[in-house]
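Report on one structure; see the data block that follows.
Readers should treat all values here as calculations from the given coordinates under stated rules, not as data from a laboratory. No experiment lies behind these values; they were computed from the predicted model shown. Counting neighbours? That spans all protein chains shown, and the Cβs are built from the backbone with ideal geometry, glycine included.
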């Protein structure tokens with residue numbers, strides 16, 4: 001069984017994290033937990049303020065419940081992406097084979113996943129060559145962390161068989177597992193469940209208001225699928241280069257935007273979000 005790092009952005013005391021770690025342990029995985037000592041929601045893939053002369057507080061903690069007795073766990077004074085980086089460098093024992101982040105109370109759908117600390121942990125793992133899974137749950141009471149954790153375990157074999165640097169984003173309806181219609185591959189919606197609506201500077205402070213996205217969503221988007229009772233699974237790609245396709249011939253290289261070509265007046269930047277960009281294999 002692979003060694004799994006479990007993290008989140010809500011803090012090491014969060015109920016969703018405990019459900020996720022317990023489900024992975026029960027499935028036979030070797031689990032180590034490293035999560036922020038505070039609520040780091042919205043931190044994206046930030047590492048925080050790293051300075052050579054600064055020691056980051058990190059404390060061993062005990063997790064609740066009989067399933068998690070003896071599972072190594074650490075409260076780190078830093079965001080989840082930092083926890084992943086530290087784990088990859090051997091800070092919590094052997095380098096993890098997989099990173100699983102969550103369960104986040106509230107969905108992380110649409111292009112606003114850029115700001116999610118839950119997803120940011122996975123983008124950090126992707127940069128480090130580690131397969132990862134972000135898990136988020138629809139905001140419906142009572143919270144069905146058990147359903148989200150169970151579906152995460154079901155998705156893990158797909159993640160294990162995926163290419164290196166794969167980052168998957170799983171969003172789960174707030175239903176009993178028996179009521180979830182299944183898992184569908186989905187594209188990102190234009191927005192998440194909420195979006196920024198206004199921003200105003202007043203009385204020495206910046207005030208921002210968010211509003212619920214109240215519009216019909218295509219069923220093949222992550223937000224639309226969850227609304228229809230499906231768990232949505234999306235492959236997320238973070239920092240990549242965008243190059244046009246198809247590849248040019250040797251004679252065309254000078255006037256075509258490809259790696260190694262000199263800047264030419266005819267070059268046009270590729271649209272990474274228009275479906276014509278490719279992820280080039282690494283040379284290292």
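Counting neighbouring beta carbons within 10 Å and listing from fewest to most, the residues 205, 37 come out as 205, 37.
So if each residue of separation counts as 0.36 nm, and I subtract the Cα-Cα distance between residue 55 and residue 15, what length gain in nm does that give?
The residue 55-residue 15 span can extend by a further 11.6 nm.
Mind giving me the FRET efficiency for residue 175 and residue 216? R0 is 22 Å, r the Cβ-Cβ distance, nearest 0.05 is fine. Present the calculation step by step, with values, prior to reporting the outcome.
Numbers: r = 21 Å, r/R0 = 0.96.
Efficiency, from the Cβ-Cβ distance: 0.55.
Once the Cβ-Cβ distance of residue 69 and residue 266 is raised to the sixth power relative to R0 = 51 Å, the FRET efficiency obtained is 0.20. In terms of overall dimensions, the C-alpha atoms belonging to the range 82-206 reach 50, 39, 26 Å along their principal axes, ordered largest to smallest.
Centre-to-centre separation between the Cα atoms of the range 42-106 and those of the range 119-170: 16 Å.
In plain terms, the residue of 145, 191 with the fewest other Cβ atoms within 10 Å comes first and the most crowded comes last, giving 191, 145.
Just order 216-227, 81-92 by mean Cβ neighbour count inside 10 Å, highest at the front, would you?
Numbers: 216-227: 19.1, 81-92: 21.3.
Packing order, densest peptide first, comes out as 81-92, 216-227.
Highest-first packing order for the peptide set 39-45, 67-73 is 39-45, 67-73, based on the mean count of other beta carbon atoms within 10 Å.
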